[in-house]
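A short worksheet on the structure shown next.
The values are calculated or read from the model by the stated rules, or taken from the named source; none is laboratory data. All values reported here derive from a predicted model rather than from experimental measurement. Heads up, the Cβs are rebuilt from the backbone with ideal geometry, glycines too, and the neighbour counts pull from every protein chain shown. Remember, those area values only see protein heavy atoms, side chains included, never the ligands or the DNA or RNA. Shrake-Rupley method; radii C 1.70, N 1.55, O 1.52, S 1.80 Å.
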Amino acid sequence: MKYVSTRNKSIRRSFEEALFSGYSPDGGLFVPENLPKISSPELQSYASLSFPSLAYEVVRAFISPEEVSDDDLRIICEKSFHDGFDAPDDGVVPVVPVGSVYVAELFHGPTFCFKDLGMRGVINLLSHFSAKRHRKTTLLAATTGDTGPAAVHAV
């Protein structure tokens, strides 16, 4: 799968290139060139998966197996959503009834912030590619919000 700039579709990058560059050279964001199609039966089969397995299935649709093997992606998803989450019943994101609606509790991560869900995966993917290329990657975090702590804790 290739990723294109939101400002210029002729700027195409691999997932790894998009991940490490952050922004497109033209200041745009990288988005998937095409959205994967998921059939209704496939979507329904996701209901019985654990959170790491569900993450694998969703992320697999956006990262080519040539860039991250199936085994490596499974390990990344397990590592990203295992240690540090204190949700009951070995869950990561409990969905609880509140009156007549259901609410996803996104505060069960190590920094009690919803960004734990995304940043742990991002950090583990950066680490995977860094190890694969035998290069060091420096994480610089400067923030007054909750993104920095979630990113730093994921390291």
| Which number in (1) open to solvent by less than 70 Å² (accessible area, probe 1.4 Å); (2) at pLDDT below 95; (3) part of a loop (DSSP other than H, G, I, E, B) marks the one condition that residue 37 misses? | (1)
| note | If we ask which residues in region 23-34 are within 24 Å of residue 65 (Cβ to Cβ) and either among the polar types (S, T, N, Q) or exposed (fewer than 13 other Cβ atoms within 10 Å of the Cβ) (or both), their number turns out to be 2
| Across region 111-127, what is the number of residues that are within 25 Å of residue 71 (Cβ to Cβ) and either touching a Cys at 6+ places or on another chain (Cβ under 8 Å) or open to solvent by less than 30 Å² (accessible area, probe 1.4 Å) (or both)? | 6
| request: Output the number of the condition that residue 102 fails; it satisfies all remaining conditions of (1) open to solvent by 80 Å² or more (accessible area, probe 1.4 Å); (2) in a loop (DSSP other than H, G, I, E, B). | output: (2)
| Positions within region 48-69 being of a type in the set (A, V, I, L, M), outside any helix (DSSP H, G or I) and closer than 17 Å to residue 120 by Cβ, in sequence order | 63, 68
| Given (1) within 24 Å of residue 135 (Cβ to Cβ); (2) at pLDDT 95 or above; (3) of a type in the set (S, T, N, Q); (4) exposed (fewer than 14 other Cβ atoms within 10 Å of the Cβ), index of the condition residue 8 fails | (1)
| query | Given the residues 61, 18, 55, which is the only one that is among the small types (Gly, Ala, Ser), open to solvent by less than 40 Å² (accessible area, probe 1.4 Å) and touching a Gly at 6+ places or on another chain (Cβ under 8 Å)? | reply | 55
| request: Please tell me if residue 45 is among the polar types (S, T, N, Q) and part of a helix (DSSP H, G or I). | output: yes
| request: Select from region 67-81 the residues that are among the charged types (D, E, K, R) and closer than 23 Å to residue 39 by Cα and write down the one among them that is surrounded by the fewest Cβ atoms within 10 Å (Cβ to Cβ). | output: 70
| message | If I ask for residues that are closer than 15 Å to residue 52 by Cβ and either of a type in the set (Gly, Ala, Ser) or at pLDDT below 85 (or both), which ones from region 62-80 would you list? | response | 80
| remark: Log entry, pairs with first residue in region 106-127 being more than 16 Å from residue 59 (Cα to Cα) and modelled with pLDDT under 85, second being open to solvent by 30 Å² or more (accessible area, probe 1.4 Å) and charged (D, E, K, R), beta carbons closer than 6 Å, six or more apart or on different chains, reads 108/86; 113/146; 115/146
